[in-house]
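> Take a look at the following structure, please.
Derivation of every value follows stated rules applied to the coordinates shown; laboratory data play no part. None of these values were measured; they are calculated from a predicted model. Cβ sites come from the backbone with ideal geometry, for glycine too, and all protein chains shown count toward neighbours.
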Amino acid sequence: MEYKVSMRNYTTHFHSEKTSYNRNRLLLQANRILYKTQDANLNLSFVYHKESHDVKSGMPAKNSYHSYWLIPGGNYNFTEQFSFVFWDAVYYYDNAFSGPGINDWEWESEHGFQYKFNNQVQAKLMYYRDQTWNSHGDTTWEQNQIRGYFPTTINEQWNIQPYFRYYLNEKSYNTVTGQTTNRADTGGLRLGLIVNYNLTPKTTLWTNLAWEQTQWKHSKNSQQVQLTHGHDNTQDFRLYAVGIRHTW
């Protein structure tokens with residue numbers, strides 16, 4: 001179970017703009033191990049996701065919806081050190097409020113390889129793809145990235161995971177003409193760090209910090225989604241997250 005609030009379209013110093021808003025997400029997830037051996041495993045997850053937005057008085061209401069996700073994932077070990085790892089998520093959107101071109105379906109995935117240098121250090125390199133469709137089967141948006149993760153155990157109390165996301169492209173489409181309406185080409189980069197501190201053998205405190213800057217051909221504000229402010233076509237993304245995890 002997870003609840004998350006994201007502050008959108010605020011200034012660098014968290015000052016509120018006329019178009020500032022908060023994204024609210026509730027996520028409930030259940031996981032099932034379908035197959036597990038020394039060489040491979042296959043898992044299946046079902047997720048219920050509700051999203052809504054708090055906007056400024058006088059501003060138009062933003063997209064809100066319920067969605068249902070089915071997520072298979074797993075790995076195959078070629079050797080004790082080298083593995084193929086993957087997950088695929090299929091989403092169905094229900095009870096959605098939005099402007100024209102609302103998504104009905106989405107497919108998000110990561111496929112790649114993991115290498116275990118030793119018991120303390122691993123590396124994972126993944127190809128990420130995300131694509132949405134409307135009810136007629138027309139692609140409304142797509143994104144492709146290369147992602148790298150480097151989980152490292154320092155000692156019994158501390159472990160860290162530096163990571164990056166490198167944009168190959170991001171595009172949105174006019175579903176009537178099929179033409180690209182906006183795009184971000186190669187060059188966007190997210191750099192992040194996840195830090196875990198084991199307070200007890202069963203309780204972990206964690207934080208996730210990241211920075212990303214992407215630039216689109218046109219301001220996203222021009223499409224009424226207001227991910228960039230005014231006519232600025234650059235988004236400066238900063239992530240600060242903290243949490244606690246407990247195992248019974």
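> For HIS66 and THR11 in the same chain, what is the full-extension length gain: residue separation times 0.36 nm, less their Cα-Cα distance, in nm?
Once the chain is fully extended between HIS66 and THR11, it gains 16.9 nm.
> Taking springs between alpha-carbon atoms closer than 10 angstrom, which of ARG32, ARG165, ARG23 fluctuates most in the Gaussian network model of the chain?
Top of the fluctuation ranking is ARG32.
> Find the relative contact order for the chain and round it to a whole percent, using C-alpha pairs within less than 8 Å whose residues are 6+ positions apart.
With pairs under 8 Å counted, the relative contact order is 10 percent.
> Now, a different point. Give me the dipole magnitude in Debye, nearest 20, for the chain about the Cα centre, with unit charges on the beta carbon: positive for Lys and Arg, negative for Asp and Glu.
Values: 23 positive and 21 negative charges, 98 e Å.
Roughly 460 debye for the chain.
> Let me ask something additional. Out of every Cα pair in the chain, what percent are spaced more than 23 Å from each other? Numbers along the way, then the final one.
On the way: 18694 of 30628 pairs.
Of the Cα pairs, 61 percent sit more than 23 Å apart.
> While we're on this one: How high is the FRET efficiency between GLU156 and ALA241 when r is their beta carbon distance and R₀ equals 25 Å, given to the nearest 0.05?
Efficiency for this residue pair is about 0.60.
> OK, next. Taking every eigenvalue of the Cα gyration tensor of region 6-51, multiplying by 5 and rooting it, what semi-axes result, largest first, whole Å? Walk me through the intermediate numbers first.
Values: eigenvalues 325, 35, 6 Å².
Taking √(5λ) for each Cα gyration eigenvalue gives 40, 13, 5 Å.
> Ranked highest first by average number of other Cβ atoms within 10 Å, how do 197-203, 150-156 line up? Mind dumping the intermediate values first?
On the way: 197-203: 11.3, 150-156: 12.9.
Top of the packing list down: 150-156, 197-203.
> In whole Hz, what ³J(HN,Hα) sequence does region 198-206 give by Karplus (6.51, -1.76, 1.60; θ = phi - 60°), x for Gly and Pro?
Values per residue, Gly and Pro as x: 7, 5, 9, x, 10, 10, 10, 9, 9 Hz.
> Once a ≥ b ≥ c are taken as the square roots of the eigenvalues of the Cα gyration tensor of region 107-162, is the result rounded (a/c under 1.5), prolate (a/b larger than b/c) or oblate (a/b not larger than b/c)?
prolate
> Of LYS62/LYS202; LYS18/LYS124; LYS56/LYS171; LYS4/LYS171; LYS36/LYS171; LYS50/LYS202, which pairs sit farther than 31 Å apart, going by alpha carbon to alpha carbon? Don't skip to the answer; put the middle values down first.
Working: LYS62/LYS202 40 Å; LYS18/LYS124 41 Å; LYS56/LYS171 28 Å; LYS4/LYS171 26 Å; LYS36/LYS171 38 Å; LYS50/LYS202 29 Å.
Pairs exceeding 31 Å: LYS62/LYS202; LYS18/LYS124; LYS36/LYS171.
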